[in-house]
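Asker: Before we start, here is the structure in question, set down as structure tokens.
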Amino acid sequence: MKVGLTGGIASGKSVVGEMFVALGAHLVQADRIAHQLMLPGQPVYDEVVRHFGSAMLNSDGTVNRAKLAEAAFGKSPTAAASRIEELNRIVHPAVIRRQEEWMEETRRQDPGSVAIVEAALILEAGAAKGFDRLIVVTCSDEQRIARFAARQKLDFEAARKEVARRMAAQLPDAEKIKAADFVIDNSGSLDRTREQVCEVWKKLCSVAITKL
């Protein structure tokens, strides 16, 4: 069974993904795939440098992801649109191909398993049709900002502005939820989130068995 795991920035997708892995799921993160595709020598790397310039590189020639994010998202939601779309056109097709290869390899090695792809932009990239089920992780706006602030070591106000800027390049949670088969609300305690994950896991396993 092919499952997409998505949600807005700092919603807790990775935490939820780890909970599914603990229950027996296979999981790959789109962000890690993108990181591998941006290594020197990869076609995606060459395209990123061609479009965004060598100023995006570290001294060792690797992509400075913080600089690239700043260049892509811009200083305002309006300015961000064209450049983030430009970056997505370079990265998304290659990431989606790699995800599909990984899911097919997982199917061959472990028929009847649940293979989860964790990715922030499944719907935005038009990749939802490649999954049997879609899980959306949500949380409150205040928690999202607080988590992002802690992760990036920013004060709350700076984190609020950055979250707003990045969320402008994503579908609102309400739209993601409409497309979801399952919604996990990560606004409460980890125990409550884990309870929801276990409930969804049981349903995924029951469907995976019927697909054998």
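The values are calculated or read from the model by the stated rules, or taken from the named source; none is laboratory data. These figures come from a predicted structure and were not determined experimentally. With ideal geometry, Cβ positions are generated from the backbone for all residues, glycine too; neighbour counts draw on all protein chains shown.
Asker: Just to be sure before I move on: is Arg65 out of contact with any strand residue (DSSP E or B) (no Cβ under 9 Å at 6 or more places or on another chain), modelled with pLDDT of 95 or more and surrounded by fewer than 16 Cβ atoms within 10 Å (Cβ to Cβ) in the structure I sent? Show your work before the answer.
Answerer: Values: out of contact with any strand residue (DSSP E or B) (no Cβ under 9 Å at 6 or more places or on another chain): yes; modelled with pLDDT of 95 or more: no; surrounded by fewer than 16 Cβ atoms within 10 Å (Cβ to Cβ): yes.
So Arg65 fails the test.
Asker: Condition test on Val49, is it of a type in the set (Val, Ile, Thr) and closer than 21 Å to Ala169 by Cβ? Lay out the reasoning, then the answer.
Answerer: Values: of a type in the set (Val, Ile, Thr): yes; closer than 21 Å to Ala169 by Cβ: no.
No; evaluated as a whole, the condition is false for this residue.
Asker: Does Ser206 count as at pLDDT below 95, out of contact with any Ser or Thr (no Cβ under 6 Å at 6 or more places or on another chain) and of a type in the set (S, T, N, Q)?
Answerer: Working: at pLDDT below 95: yes; out of contact with any Ser or Thr (no Cβ under 6 Å at 6 or more places or on another chain): yes; of a type in the set (S, T, N, Q): yes.
When the stated conditions are applied, Ser206 passes them.
Asker: Moving on to the next point. Filter region 42-53 down to the residues that are surrounded by fewer than 13 Cβ atoms within 10 Å (Cβ to Cβ) and either more than 20 Å from Arg98 (Cβ to Cβ) or in contact with an Asp or Glu (Cβ under 9 Å, 6 or more places away or on another chain) (or both) and list them by number.
Answerer: Scanning region 42-53 gives Arg50, Gly53.
Asker: Restricting attention to region 54-62, does a residue exist that is surrounded by 14 or more Cβ atoms within 10 Å (Cβ to Cβ), under 20 Å from the mean Cα position of the chain (by Cα) and in contact (Cβ under 8 Å) with a residue 12 or more places away in the chain? Steps first, please.
Answerer: Step one: filter region 54-62 for residues surrounded by 14 or more Cβ atoms within 10 Å (Cβ to Cβ), giving 56-57, 62.
Of the ones still in play, those that are also under 20 Å from the mean Cα position of the chain (by Cα) are none.
Checked against the condition, which is being surrounded by 14 or more Cβ atoms within 10 Å (Cβ to Cβ), under 20 Å from the mean Cα position of the chain (by Cα) and in contact (Cβ under 8 Å) with a residue 12 or more places away in the chain, region 54-62 yields no hits at all.
Asker: Please list, ordered by residue number, the strands (runs of 3 or more DSSP E) wholly in region 110-212 having 1 or more residues that are touching a residue at least 24 places away in the same chain (Cβ under 8 Å) and farther than 13 Å from Thr6 by Cβ.
Answerer: Values: elements: 115-118, 133-138, 182-185.
Ranges flagged: 115-118, 182-185.
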